[in-house]
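The structure under discussion is supplied below as structure tokens; questions concerning it will follow.
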């Protein structure tokens, strides 16, 4: 059912409408699935070809090539290139409607210095279903290749170094530079599937082509997502101090920050002037829109240093190690998860890196 209008002054918290009526009435909008409550009608059917046979599951292939070279005695470097591609994507095609049953509209982007270009522009490429087809559902799940090509490809380079130095020191480190790009542009305007993917790295989670808002649309807006190559670095080192039977070690990691989206909830009153009518969901309807192109806006990097000090004892034939671990040594506080809903709390942190803390342990070998 479409969203309710604002509660009346009585605030009785009860939908004042006929819930059995699929059309807009009282406080309720039209039913978003006209098959709801009708056991004789099936909203979703599957192509038999995706259910049976060999090679029908979602898959990925990977090709890799690399070189390794010793620069100096006990010092080596390596480089690897990876190319991974995914296939057997599924699409959910609503056969009860056609792409021509959607009407385009634009939205006035709010003025905000945090948005690309500071906002204040018109963003077009959004669609709303024709009211006459609203709630008509006959979903058919089949392979995306029946409609066109879907690309989901990862390209990346791994660089690593391994050094065993005099005195027992050990240094290891690696740098990854990669990205995953997706392209749905060949199929989005041939079916009524949802538009571009967000986040772009979705292939491992599901073979069903996802979308920005989760709502059907033939929009080509953001149908191709090509994020930049972002480096990720990790280095670890250890050094023994034999006269104190101490071993000191540490790790440094620098990881890209989270991708930032701007999910904007637009009311019917904001859309109707461009659409030329009310939303199909009714005057109380809303639309979930993206104001930021996926793969273009990111949070700050996560830089973290951890340290370990280990003292070794020998008691008779037993080896004892006393261990002190210090996590987040410099008490960094980068954001690891933030609010993606555009509004006053947009980009407000949900999760930050845990504060500096110590862990004590004992290991006994006998």
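Based on the alpha carbon coordinates of segment 13-154, what radius of gyration and maximum Cα-Cα distance (Dmax) apply, in Å?
25.0, 81
Under the rule of -39500 (n - 2.57) per DSSP H run of 4 or more residues, summed and divided by the residues of the chain, what mean residue ellipticity at 222 nm is obtained, to the nearest 500 deg cm²/dmol?
One gets -500 deg cm²/dmol as the mean residue ellipticity at 222 nm.
Another question, if that's okay. Cut-off is 10 Å between beta-carbons; in what order do 144, 76, 32, 317 appear when sorted fewest neighbours first?
Lowest to highest Cβ neighbour count: 317, 76, 32, 144.
Using alpha carbon coordinates only, what is the Rg to Rh ratio of the chain, with Rh defined as the Kirkwood radius?
Dividing the radius of gyration by the Kirkwood radius yields 1.10.
Still on this structure, I have one more. Report relative contact order for segment 220-268 in percent, whole number only (criteria: Cα-Cα under 8 Å, sequence separation at least 6).
Here the relative contact order equals 31 percent.
With label points built 7 Å along Cα→Cβ from the Cα atoms of residue 141 and residue 303, find their separation and express it in nm.
About 4.6 nm, to one decimal.
Using the alpha carbon gyration tensor of segment 250-366, what are the three equivalent-ellipsoid semi-axes (square root of 5 times each eigenvalue), largest first, in whole Å?
Semi-axis lengths for segment 250-366 are 54, 13, 10 Å.
When a footprinting reagent is the concern and you count Cβ atoms within 10 Å, what order do 85, 244, 346 take, fewest first?
So the ranking, lowest neighbour count to highest, is 244, 85, 346.
Over segment 14-121, what relative contact order in percent results from Cα pairs under 8 Å that are six or more residues apart?
Taking the mean separation of contacting Cα pairs over the length of segment 14-121, I get 13 percent.
Continuing with the same structure: Neighbour counts of other C-beta atoms within 10 Å: give me 34, 277 arranged from fewest to most.
Ascending Cβ contact count within 10 Å gives the list 277, 34.
Further, regarding this structure: Between residue 245 and residue 320, 0.36 nm times their residue separation minus their Cα-Cα distance comes to what?
Fully extending the segment from residue 245 to residue 320 adds 25.9 nm.
Evaluate the relative contact order of the chain (contact order divided by residue number), counting alpha-carbon pairs under 8 angstrom at least 6 apart; express in whole percent.
With pairs under 8 Å counted, the relative contact order is 14 percent.
Okay, moving on. For a bin width of 10 Å, list the pair-distance distribution of segment 312-353 built from all Cα-Cα distances, rounded to whole %.
23, 23, 17, 15, 12, 8, 2
Evaluate the distance, in nm, between pseudo-label points positioned 7 Å from the Cα of residue 78 and of residue 345 along their respective Cα→Cβ axes.
It works out to 4.6 nm between the two label points.
Just so you know, all these numbers are worked out from the coordinates, no wet-lab data involved. Note that the coordinates shown come from a computational prediction; the quantities given were computed from them, not determined experimentally. Heads up, the Cβs are rebuilt from the backbone with ideal geometry, glycines too, and the neighbour counts pull from every protein chain shown.
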